[in-house]
Amino acid sequence: MRLAAIFLAASSLMGAGAAYAQVPVKIGVLNDQSGLYADLGGQGSVWAAKKAVEDFGAAAKGLKVEVIFADHQNKADVGTSVARQWYDVDGVDAIFDTPNSGVALAVSGVTKEKNKVFINSGAASSDLTGKACTPNTVHWTYDTWALANGTGKAIVKTGGDTWFFLTADYAFGHALERDTEAVVLANGGKVAGKVRVPLNNADFSSFLLQAQSSKAKIIGLANAGGDTINSIKQAAEYGIVEGGQKLAGLLIFLTDVHSLGLKVAQGLNLTSAWYWDMTDANRKFADAFAAANGGKRPTMVQAGVYSGVTHYLKAVEALKSAKDGAAVVAEMKKIPTDDPLFGKGEVRADGRHIHPMFLFEVKKPSESKGPYDYYTLKATIPANEAFRPIGEGDCPLVKKG
Amino acid sequence: MSTSTPTHPAGAPAASGSGASVGTIFGVLAIAVLLAAPFGVYPVFLMKVMCFALFACAFNLLLGYTGLLSFGHAMFFGGSAYVCAHTIKVMGFSPELGILAGVVFAAALGFLSGLLAIRRQGIYFAMVTLALAQMFFFFCLQAPFTGGEDGLQAVPRGALFGIIDLTKDINLYYLVLAIFVFGFLVIYRAIHSPFGQVLKAIRENEPRAISLGYRVNQYKLVAFVLSAALAGLAGATKVLVFQLASLTDVAWQMSGEVILMTLVGGMGTILGPIVGAAVIVTMQNYLAGLGEWVLVIQGVIFVLAVSLFRRGFVGEVIAIIQQFKAKKAD
Amino acid sequence: MFELLGIPPQALFGQLLLGLINGAFYAMLSLGLAVIFGLLNVINFTHGAQYMMGAFGAWMLLNYAGIPFWGALVLSPIIVAAIGMVIERTLLKRLYHLDHLYGLLLTFGLALILEGLFRRQYGSSGLPYNNPLPGGTNLGFMFLPNYRAFVVVASLVVCIATWYVIERTKLGSYLRAATERPDLVQAFGIDVPRMITLTYGFGVGLAALAGVLAAPAYQVSPTMGSNLIIVVFAVVVIGGMGSIMGAIVTGFGLGIVEGLTKVFYPEASSTVIFVIMAIVLMVKPAGLFGTAK
C-alpha cells in the first residue's frame, strides 16, 4: 500500500540532468499545510526546500534530489505515520520543517529509530536539543530558550526592567514564561506579576486589566498563534500601549504581524532568527519567494528550511551517500555552516544550529513603505549568546565535563 | 478465543437461518485475510484502521443500538490513551497492564459522565457529552502529566507478558488484531443478548420500555460504560501502535470523526463502523497532501451521508440484498 | 478600603462589567439557538460557523466593497441569514420527519465545510478589522473602551427586542403556536414552512450579528466560531430552552460568572461554565428555565 506517497511523489522531481552514477537523495517536507502553522511554513517551506536544491546545483554535483511533502495536520499520530511510511516504504532520507512541538518530538523519535535525518525549522521546543536530543536531529532556526533569552535580555537592557507575564496555561506557555523570567531576573529585572490564561481564550480584557494595574513596564506574552494575536489586538483597544506599557511577544512570526496589521501591532518587541529585509541576499530570496507565492514574504521558518537543506546537501555531497542518517548529521556538525540567508555558523554537538538572533520592533504605520515592511532592527544577539549554553540542556549526547 | 460461532459479519438482524452459516464462512474468511494482511499491506496502517474500527464499533453500540448520540467519545478514547501512556512510560507498567489501566480509567470516566449525561435525552444528551468532553480536554491541556501540547512521546512498546517482543511491527499487529477481534466479539455478544434487546427497545420507544417495567436509566448507563470502556481499549491500543498520546485524541474533532465513521459505514449495523473507519482512515492518509480540503471533504461526506444515504455503506448494501430477496420471494 | 479576597472593589466592578460584555455574546448566540430550536427542533451546530461568517462578512464588505462597519452591521447578517435560509430550504427541510439527531449531524457537517473553505481561502491566522469606535471613557475604576460599551448596549437592545416580538406580538404568538402544534397552525391558514424558513434565517442572522460585533474586538479567523459554540451549548443546557428570557438571562449571567473566575482563579475560567453545567444537571436536569421534556 502506497498511501499518501502516491499523491506526494508526483509533486516534484529534481535533478533530471546528468545520467551517470548519481547519489539519490529524497527529502520530505513534513509540516502543517492547513492549520494554525500553515501560513508560516506550509507550501512556502516546500518551495524553499526546492529552491535550496536548485541553488545548490545538486544535479551538477552528482546528487539526484527529490522533494516531497505531506500535511501532518498538527496531529502527532498523523505525523509519525507519515514519517514511518516515508522511511519504511518510500525511501525518504531526511525530513524537514515540522512545526508543532508535539509532532516534532514524535518525528524525532522515529527518525532516530530508523537512523535517518530530521532537520527541524518550525518547532519551538528547546527539548529537541535538550532532554530529547538524538544523534539524528538538528534544530535549525529558533527555540523557546533563544526567544526568551533574546527578548528578555535585550528589553531589560534597554530599560524595560519590570515585567508582567500573560501566560498560556499549558506546557509550552509555562516553559516560555520560566525561561524569560530567569533571563529577566538574571539581568536585574523584576517580575511584578503573572496570570495563567487558558488556551484559546478569546477574551483577554480581564487579564490585560490585571496587567495594566500591575504597573509593569513590559507585558510579556508567553503564548502563541491566535492567543497572541487576540491579546495584542485587545491591548490596543484598552489603550495599554498608549498608557506607556510595552508588549513583548515571545513567539511571534512575520505572518502574525501581517495578520494583525501595523496599526494594532506597532511598538511590539519580538525576537526573530531572520528577517527578509536585512541584506541583499535576503531580499533576493524574498523577491523570488514572493513571485512564486502570491506576493507573500518568507518567514524565518521558511528561510530556515532553505538554509537547512543547503547544509544537509553539503554533508551528503561530502559523504557521497545519504543512507546513514547519523553519519550525515555527524558530517553536518563537522563542517561549518555557510549560506546566503543565515551566514556563517555551526551545528553544535547537541544538534543546535548556532547563529545570531535579532530583536525587532514593529514599525508605526507611517514608517512602513508597504506590505511586509514591518520591522526595525533594535539589537543583534551574537551567535555565542543567542542559544542555551550546551551544558545546560541535559542532552545525553553532551558529556558533562 | 472461540472463532466458530459468534462471527456474523452480514450485520443484518439475524433473521434468516441460512444467513448465519454464510455469516460464519464470511467471518472465517475475514479472519484469514486479516491474519495474512500484514504481509501484503503496511502493518502500521492496518493497525491504525483496526484501532479506529474498534473505537467506531464501541461508539456504534451507543448510537446504533441504544439511540444515544454521544458527542464526547474522544474523552474516553484519549483519556485512556493518556493513562496507558503514562503508566507504561512513567510508572513502568507492562503493555498489558497499561492497556488494562487505560480501560479501567475509561470505564470509570464513562460511569461518572454517564450518570450526568443520561439525565437528559436526545439532543441535550449530545450537548452534555460534548460539554463534558470539552471540560476534560481543558483538564488534559493543563494537567502536567499529559505533557500539554507536546503530548506523551516515545512510549516504549515493551514485551507482552514479558515474552513477546512488541517492538516488531508484525508481533504488535497480531496483538492489535487479537484485541480488535476480542472487542468486536464483546460488542457482538452484547447486542445479541437479552440486554441488547432491551437497548434496542429503548432506542425504538423509550416510554414504552419504561412502561414495560425496564429500568431504562440503568440499561443506558451500563451501555454507556461498556461503550466508554471499549473506546478506551481502542485508545490504549493506539498508544502502543504510535508510541504516543496527544491532545488530538481528546479534542472534539476526534468525537466528530468517530461519528462520521459510524455514519458513513452504517449506524446500527455490526460491520458498518468497521467499513466506515477503514474508509475514513484511508481517505485521511491519501488526502494528506491536499491540506485544507480534508476538512471540507469530511464535511461534504457528512452532509451527503445525512441527506442521501442515511443507512451508510453497509446499511445500503443490506437494504439492497433484502429488496432483492423480497422480489425473489414474490 | 476593604478588600474582597484580595481584590479591591473597584477592580471587581471592572471585572463584572467585562463579564457582562462577554455575556452579551453568549446571550445573542444562545438566543439564536433557542429560537431555532423552538420552531425547528434542530440544534444548529452551524451556529458557530455562521457567527464566523458574520465577522468575515464584515471584513469582506469593508475590503472588497468599501462598506464600513455600520453598514456591515446591517448587511452582513442579512447576507448570512439569506445563505442560511437557502440551506434550510435545500437541506435541513428534508430532515424534519426524522430523528432530531440528523439535524445536528447535518449542521455539524456544514460547519466543517464552512470552516474548511474559509481556512483554505484566508488561512488560519486570521485577519485584522479596525475598531470603528476607538478611544474610551475612564470610569474611575476602569478604562471602558467605547466599542465595548456599544456592544453591551446593542446586544441588550437586540435581545429585548427579540423577546418582545416573540412574547408580546401577534407574529410571536403565531410562532409560539407553531412550536406547539404546527399542524393546527397550518390549518388556520398560516404558511408554516415559510415561517420556519424565516425563523431559521432570523436565528442565523442573530449569530451573524454577534459575529460582526465580535470582528473589531477579536481576530477575524475561521476557527473563532468552533471554539465558542461548545461553550454556548453548555450555556443552553444550563438555561434550558424553555424561555427566550431564560436564554438571555443565562447568557449574561454566565458571562459575569466567567469574568469573576478570571480574577479569582484564572486557570479555571475556561472550564467554569462546564462545571456549572454539571451541577445544574445534577440539581435541575431540565435547566434553570427549562420545563421537563
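Each reported figure results from applying straightforward, stated rules to the coordinates on display, with no laboratory input. Bear in mind that the values here come from a model prediction, so they are computed numbers and not experimental data. Heads up, the Cβs are rebuilt from the backbone with ideal geometry, glycines too, and the neighbour counts pull from every protein chain shown.
What does the C-alpha gyration tensor say about the overall shape of the protein assembly as shown? Classify as rounded when a/c is under 1.5, otherwise prolate if a/b is larger than b/c, or oblate.
Taking the square roots of the gyration eigenvalues as a ≥ b ≥ c, the protein assembly as shown is oblate.
Would you report the distance distribution of C-alpha pairs in chain B as whole percents per 10 angstrom bin, up to the bin with the largest distance?
Computed distribution, short to long bins: 6, 26, 35, 24, 8, 1, 0.
If you count the DSSP beta bridges with both ends in the protein assembly as shown, what percent of them are antiparallel, to the nearest 5? Before the final figure, lay out the partial values.
Values: 23 of 62 bridges.
DSSP beta bridges in the protein assembly as shown are roughly 35 percent antiparallel.
Counting partner chain Cβ atoms within 10 Å of every residue's Cβ in B:298-310, what's the average? Write down the numbers at each step before the final one.
Working: counts 4, 11, 5, 3, 9, 10, 1, 4, 15, 8, 1, 0, 5.
If you average over the peptide's residues, the count of other-chain Cβ atoms is 6.
Taking the beta-carbon count within 10 Å as an exposure proxy, list A:Thr299, B:Thr87, B:Thr282, C:Thr137 from fewest neighbours to most.
So the ranking, lowest neighbour count to highest, is C:Thr137, B:Thr282, B:Thr87, A:Thr299.
Please check: in the Gaussian network model of chain B (C-alpha springs, under 10 Å), which one of B:Ala154, B:Ala223, B:Ala32 has the largest mean-square fluctuation.
So, out of B:Ala154, B:Ala223, B:Ala32, the one fluctuating most is B:Ala32.
Can you compute the FRET efficiency between A:Ser366 and A:Lys344 using 1/(1 + (r/R0)^6), with r the Cβ-Cβ distance and R0 = 25 Å? Round to the nearest 0.05. Kindly include the intermediate steps, with their values, before the conclusion.
Values: r = 36 Å, r/R0 = 1.45.
Computed FRET efficiency for A:Ser366 and A:Lys344 comes out at 0.10.
Report, in degrees rounded to the nearest 10, the 0 to 90 angle that the Cα long axis of helix A:325-334 makes with the longest principal axis of chain A.
Once rounded, one gets 60 degrees.
Go ahead and run the numbers for FRET between C:Asp99 and B:Phe139, Cβ-Cβ distance against an R0 of 35 Å, rounding to 0.05.
0.65
Looking at chain A as a GNM with Cα springs under 10 Å, which of A:Val23, A:Val89, A:Val183 has the largest mean-square fluctuation?
A:Val89
Can you pull the one-decimal nm distance between simple spin-label points at B:Ser94 and C:Leu156, each 7 Å off the Cα toward Cβ?
About 6.7 nm separates the two model spin labels.
With n ≥ 4 as the cut-off for DSSP H runs, can you work out [θ] at 222 nm for chain C, using -39500 (n - 2.57) per run divided by the number of residues, rounded to the nearest 500?
-24000 deg cm²/dmol
Give a residue-ordered list of calculated ³J(HN,Hα) values for region A:339-356 (Karplus: 6.51 cos²θ - 1.76 cosθ + 1.60, θ = phi - 60°; whole Hz; x for Gly, Pro).
Ordered by residue, 3J(HN,Hα) equals 8, x, 8, 9, x, 8, x, 8, 9, 6, 4, 7, x, 7, 7, 9, 7, x Hz.
Under a crude label model (7 Å from the Cα following the beta-carbon direction), how far is C:Asn41 from C:Asp191 in nanometres?
Reported label-point gap for C:Asn41 and C:Asp191 is 2.4 nm.
Counting only trypsin sites (Lys or Arg not before Pro) that sit in a DSSP loop (anything but H, G, I, E, B) with at most 13 other Cβ atoms within 10 Å, what is the longest stretch of chain A containing none of them?
That gives A:1-130 as the longest site-free run.
Between C:Leu184 and B:Gln218, take the C-beta separation as r, use R0 = 41 Å, and let me know the FRET efficiency to the nearest 0.05.
It comes out at approximately 0.60.
Just to confirm my numbers, what's the Cα centroid distance between region A:60-104 and region C:21-84 in Å?
What the calculation gives is 41 Å, centre to centre.
Can you bin every Cα-Cα distance in chain A into 10 Å intervals starting at zero and give me the percent of pairs per bin, rounded to whole numbers?
Taking every Cα pair in chain A, the percentages come to 5, 24, 33, 24, 11, 3, 0, 0.
What distance in nm separates the simple spin-label points at C:Tyr174 and B:Phe309, each placed 7 Å from Cα in the Cβ direction?
4.2 nm
Please list, or write none, the lysines whose alpha carbon is within less than 26 Å of the alpha carbon of B:Lys325, excluding same-chain residues fewer than 8 places away.
Those lysines meeting the cut-off are B:Lys200.
Please work out whether region A:294-381 counts as rounded, prolate or oblate from its C-alpha gyration tensor, where a ≥ b ≥ c are the square roots of the eigenvalues and a/c under 1.5 means rounded, while otherwise a/b larger than b/c means prolate and anything else oblate?
Working: a/c = 3.91, a/b = 2.23, b/c = 1.75.
The shape class here is prolate.
How much length would be gained if the chain were fully extended between A:Glu54 and A:Val89, taking 0.36 nm per residue of separation minus their Cα-Cα distance, in nm to one decimal?
10.0 nm is the gain from fully extending A:Glu54 to A:Val89.
When ranked by the protection proxy of mean other Cβ atoms within 10 Å per residue, highest first, what sequence do the peptides B:272-280, A:120-128 form?
Packing order, densest peptide first, comes out as A:120-128, B:272-280.
State the Cα centre-to-centre distance between region B:80-134 and region A:261-322 in whole Å.
Using only Cα atoms, the two centres lie 44 Å from each other.
Quick one: helix A:171-186 against the long Cα principal axis of chain A, what's the angle to the nearest 10°, folded into 0 to 90?
It works out to around 60 degrees.
At q = 0.08, 0.10 Å⁻¹, what base-10 log of I(q)/I(0) does the Debye formula yield for region C:19-224 when every alpha carbon is treated as an equal point scatterer in vacuo?
Debye curve over Cα of region C:19-224, log10 I(q)/I(0) at q = 0.08, 0.10 Å⁻¹: -0.29, -0.45.
Hydropathy first: keep DSSP H helices in chain C averaging at least 0.0 on Kyte-Doolittle, then drop any whose Cα extent along the axis falls short of 27 Å, and list what survives.
Passing helices, by number: C:9-40, C:69-90, C:100-122, C:146-168, C:192-214, C:244-264.
Between their Cα atoms, which of A:Lys75/A:Lys114; A:Lys246/A:Lys364; A:Lys50/A:Lys320; A:Lys131/B:Lys238; A:Lys116/A:Lys334; A:Lys50/A:Lys363 are more than 22 Å away from each other? Display every interim value, and only then the final one.
On the way: A:Lys75/A:Lys114 20 Å; A:Lys246/A:Lys364 14 Å; A:Lys50/A:Lys320 20 Å; A:Lys131/B:Lys238 25 Å; A:Lys116/A:Lys334 17 Å; A:Lys50/A:Lys363 32 Å.
Going by Cα-Cα distance, A:Lys131/B:Lys238; A:Lys50/A:Lys363 fall outside the 22 Å limit.
If one takes the longest principal axis of the Cα atoms in chain A, at what angle in degrees, from 0 to 90 and to the nearest 10, does the Cα axis of helix A:300-319 lie?
30 degrees
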